Amino acid sequence: MNFSALLWRLGQLNQYWKCEFSEGWPAAEKEHLQAARIFSRHGSSIESVKEHLQILRSSSTSEIEIIDFGAVSGVAPQTGTSTGIHRKVDLNTMIATTASSEKWGRMLLRIAQLKSGKINLELGTNLGIGLRYLVTGSHFLNQWISIEGDPNTANLARNAFSDSQQVTLITGRFSDVLPQVLEDNHDFGLVFIDGHHDGIATQKYADAIFGNMTSGGWMVLDDIRWSLSMKHAWEQVKTRPWVERWVDLGKMGILVVK
Ligand SMILES: C[S@@+](CC[C@H](N)C(=O)[O-])C[C@H]1O[C@@H](n2cnc3c(N)ncnc32)[C@H](O)[C@@H]1O
């Protein structure tokens, strides 16, 4: 990342307290989200996540070789069709830097409690940590499909979910596998877009997915202040005609589909 991009991101940190609602939110949902926002900072660790982390740590050598297809790779950032950048990453660094933190994980759990549907979708499984919070918050009969481009990272997540009947993990670049997922699955209740992190690409995924969601379904975009292009994407998608209402939670934004 270049210096001006880093400065820009640091300048956005004071926006992370945000909790700004568009018009039209039912009072109960608004209160629930506001409370979740406050209480996500507190509380003890969640047992299912602790176990997930233990499995990851026991099944992996500390250094993992990964292929990065996202904007971080700096290659074909808008289409995600590059062959990716190969890197070696330490597992603990990966947990600390790319996976959902405890605070935002708790927020995901509350969101899933409120809105997960019979079938739900995540783009960007990574180690499955955010997904573990989402599954923990979902009804035990609700299903999750999650897509991860890097095979080694996906295998670690797959191993940690080997006991779960609720999760289907798909390995592949979004540009390659998402069309088939959308052909085979409809009526997503909750969608979490947390991969690639290029603004143009993110808008493309949002526009491709909303038609496969239930009316009133929630699409969560993560890292809306990760870069100028992601911020622009958020500003653009929240005005789409298919969006009924939105909430800006600082780091992530939620769009409610008409
Ligand atoms: C920020 S991490 C996801 C974190 C995870 N959702 C969580 O909450 O713990 C983003 C993941 O998306 C994957 N990714 C990025 N661009 C991709 C692409 N174009 N196709 C498939 N996977 C991609 C990366 O390999 C990375 O593991």
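Readers should treat all values here as calculations from the given coordinates under stated rules, not as data from a laboratory. A quick note: this is a predicted structure, and the numbers were derived from the prediction, not measured. With ideal geometry, Cβ positions are generated from the backbone for all residues, glycine too; neighbour counts draw on all protein chains shown.
Which whole-number percent gives the relative contact order of the range 108-258, counting Cα pairs below 8 Å spaced six or more residues apart?
Relative contact order of the range 108-258: 21 percent.
Between the range 182-208 and the range 36-63, what is the C-alpha centre distance in whole Å?
Spelled out, the Cα-based centre of one part sits 25 Å from the other.
When only DSSP loop residues count, what chymotrypsin sites (Phe, Trp or Tyr not before Pro) in the range 131-171 have their Cβ near at most 12 other Cβ atoms within 10 Å?
Listed in order of number, the matching sites are F140.
Mind giving me the FRET efficiency for H42 and E65? R0 is 41 Å, r the Cβ-Cβ distance, nearest 0.05 is fine.
0.65
How much of the DSSP bridge set in the range 163-258 is antiparallel, in percent, rounded to the nearest 5?
Once the DSSP bridges in the range 163-258 are tallied, antiparallel ones form about 65 percent.
How high is the relative contact order of the chain, in percent, with contacts defined as C-alpha pairs under 8 Å that are six or more residues apart?
21
So, how do all the Cα-to-Cα distances of the range 118-201 break down into 5 Å bins, in percent, from 0 on up?
The calculated distribution, bin by bin, is 3, 15, 29, 26, 20, 6, 1, 0.
Take every DSSP beta bridge with both residues inside the chain and express the antiparallel ones as a percent of the total, to the nearest 5.
Approximately 45 percent, going by the DSSP bridge assignments.
Between F188 and residues 5 or more places away or on another chain, which pairs have amide H atoms under 5 Å apart, with H built 1.01 Å from N, and which residues are they?
It is M213, T214, by chain and number.
As a quick test, which of the pairs K30/K258; K50/K238; K18/K204; K118/K238 have an alpha carbon distance above 28 angstrom in this structure?
K50/K238
Using only helices, what value at 222 nm comes out for the chain when you add -39,500 (n - 2.57) per DSSP H run of length 4 or more and divide by the total residues, to the nearest 500 deg cm²/dmol?
Taken over the chain, the calculation gives -12500 deg cm²/dmol.
With θ set to phi - 60°, apply the Karplus curve 6.51 cos²θ - 1.76 cosθ + 1.60 along the range 96-113 and write out the HN-Hα couplings as whole Hz, x wherever there is a Gly or Pro.
6, 10, 9, 7, 4, 6, 4, 4, 6, x, 4, 5, 4, 4, 5, 4, 5, 4
Taking N as the number of residues in the range 15-257, what is its alpha-carbon radius of gyration divided by 2.2 N^0.38 Å?
The value comes to 0.94.
If you place +1 on the Cβ of every Lys and Arg and -1 on the Cβ of every Asp and Glu, how big does the dipole about the Cα centre of the chain come out, in debye to the nearest 20?
620
Could you give me the ³J(HN,Hα) list for the range 21-37, computed from phi with Karplus coefficients 6.51, -1.76, 1.60 and θ = phi - 60°, whole Hz, x at Gly and Pro?
9, 6, 5, x, 7, x, 4, 5, 5, 4, 5, 4, 5, 5, 5, 4, 5
Return the sequence-ordered ³J(HN,Hα) values of the range 141-156 in whole Hz as given by the Karplus equation 6.51 cos²θ - 1.76 cosθ + 1.60 applied to θ = phi - 60°, using x for Gly and Pro.
8, 6, 9, 10, 10, 9, 10, 9, x, 8, x, 5, 5, 4, 5, 5
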